[in-house]
1. For region 292-312, which residues satisfy the criterion of being out of contact with any Lys or Arg (no Cβ under 8 Å at 6 or more places or on another chain) and either within 6 Å of the ligand (Cβ to nearest atom) or not in a loop (DSSP other than H, G, I, E, B) (or both)?
2. Would you be able to tell me the number of residues in region 93-125 that are in contact with a helix residue (DSSP H, G or I) (Cβ under 8 Å, 6 or more places away or on another chain) and assigned to a helix (DSSP H, G or I)?
3. Check whether at least one residue in region 389-400 is assigned by TED's automatic domain parsing to the domain that holds His337, part of a loop (DSSP other than H, G, I, E, B) and exposed (fewer than 13 other Cβ atoms within 10 Å of the Cβ), and report yes or no.
4. Going through region 199-221 one residue at a time, which ones are in contact (Cβ under 8 Å) with a residue 12 or more places away in the chain and part of a helix (DSSP H, G or I)?
5. Do you know which of the residues in region 244-279 that are over 28 Å from Gln122 (Cα atoms) and within 15 Å of the ligand (Cβ to nearest atom) is surrounded by the fewest Cβ atoms within 10 Å (Cβ to Cβ)?
6. So which pairs qualify, if the first residue must be in region 293-319 and in contact (Cβ under 8 Å) with a residue 12 or more places away in the chain and more than 21 Å from Val115 (Cβ to Cβ), the second must be away from the ligand (no atom under 14 Å from the Cβ) and part of a helix (DSSP H, G or I), the Cβ gap must be under 6 Å, and the two must be at least 6 apart or on different chains?
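The values are calculated or read from the model by the stated rules, or taken from the named source; none is laboratory data. In this text the structure is predicted, and so the values were computed from the model without any measurement. Cβ placement follows ideal geometry from the backbone for every residue including glycine, while neighbour counts extend to all protein chains displayed.
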Amino acid sequence: MTQQFEKVRALTGMKDVLPHESAAWETLEAIVREWLASYGYRNMRTPVLEHTRLFARGIGEVTDIVEKEMYSFRDALNDDHLTMRPEFTAGMVRAAIEHNLLYDRPQRVYCMGPVFRHERPQRGRYRQFHQIDVEALGFAGPDVDAELIVMLARLWKRLGLQDIRLELNSLGQPAERAAHRQALVEHLEKHIDVLDEEARRRMHTNPLRVLDTKNPAMQDMANSAPRLFDFLGAESLAHFEGVCARLQDAGIEYTLNPRLVRGLDYYNLTVFEWVTDRLGAQGTVCGGGRYDGLMELLGGKPAPAVGFAIGMERLLDLWQQSEAETDTSECDIYVVHQGEDAQRRAAILAESLRDAGHRVLVHAGSTGFKSQFKRADASGATVALIIGPDELAAGQASVKWLRMEEGDTRPQQETLPFDAIAETLKTRM
Ligand code: HAM
């Protein structure tokens, strides 16, 4: 006797996308690809697994992601330290360096797919989630910074999203950050009595992140902290103003948020997030910014770059709130039949209908017409084709419209010769 196998469930925070949900994903992906192509962005695909040190170096040793959210393990076969990508940027930059992608010109590229972070799951926060990651490699801006933001505004408009707003900040250059950091550490030291344990631990390693705290007891301290923005020199300010001027040209509203620091260490100058109140606690739909030092940090020739990533689950959630209508039907035409000969004729007819561009399902198995019609209806098809013994003998099929609208002048049911069906349906569907 075989022992009963204990059912396996998906991992916490990792979701299945079921057939009735995937139509929305596929429609969104198609819209996104078209949108990216219209700005000259080309797709690239990087591996899900990379050397752990790529992310430790690229994202930063003392970030939440690297300290506690990465799926890292030792490959038992060769002892390599590997990590499931927690984001795309580091891997894309690695690939650009490895393949010398920037040798004759800058590159506009994007990736789409799953990324992994071991976070506490809740609405809009998963352990496997999906990003649309867009990178402009080799561009110094500020024109391209603004172009990316304008481009995002176009996508929101195309999707009919509501209540999504832009927050903008500048993180300046490393020297400006160093000066600010020193002032900030002094401020934190002065207020050491209100700092919680995590803040005390971080105040010397990553003081900027201390200001990101949600701890109410630390808000006054955070609000009165020296602002990085006040340490920016003329060039950094000019870059920021260059971005703002172009956003104004495009009629895009933004809020300057001096507290916006982002959770990854590679940023400089422009950083931004698109946020909404419609998604509960996880309201950031998209985040990005400039990272001019990353190429060099990862061993490449210095090259400026800017990009962003959209969280697809959050974008879908928001999109569905704007009542996006997606087609969840399985097919356009459902063929019902009776008897083996009719079934074989149905299969041939279906192939010719597919040649003509229709999506076709032929009923599988031999059940009565009634239950076949039930299936036809549930499939979401527009039309059912019926081939019974009489139709087969006459070389015809009955065409039945399953979804008639008011005022529809099409005959609800008629009989057509097999070889006329594809053309006739084309003109009527
Ligand atoms: P990020 O802010 O870490 O940036 O992630 C970008 C977006 O991914 C977030 O705004 C959010 O929508 C989504 N996201 C993040 N964590 C989760 C999660 N646990 N579950 C669901 N969605 C999530 C980056 O990853 C940078 N690489 C963006 C970038 C590209 N900067 C420059 N180029």
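1. Result: Leu294, Glu296, Gly307, Phe308, Ala309, Ile310, Gly311, Met312.
2. Qualifying residue count, region 93-125: 4.
3. Checked against the condition, which is being assigned by TED's automatic domain parsing to the domain that holds His337, part of a loop (DSSP other than H, G, I, E, B) and exposed (fewer than 13 other Cβ atoms within 10 Å of the Cβ), region 389-400 yields at least one hit.
4. Answer for region 199-221, where residues must be in contact (Cβ under 8 Å) with a residue 12 or more places away in the chain and part of a helix (DSSP H, G or I): Ala199, Arg202, Pro207, Leu208, Arg209, Val210, Ala217, Met218, Asp220, Met221.
5. For region 244-279, the residue satisfying everything is Asn268.
6. Gly300/Ile97
Quick grid of which residues meet (1) modelled with pLDDT of 95 or more; (2) part of a helix (DSSP H, G or I); (3) closer than 30 Å to Glu325 by Cβ:
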residue	(1), (2), (3)
Met14	yes, no, yes
Val17	yes, no, yes
Glu21	no, yes, yes
Thr27	no, yes, yes
Trp35	yes, yes, yes
Phe55	yes, yes, no
Val62	no, no, no
Ile65	no, yes, no
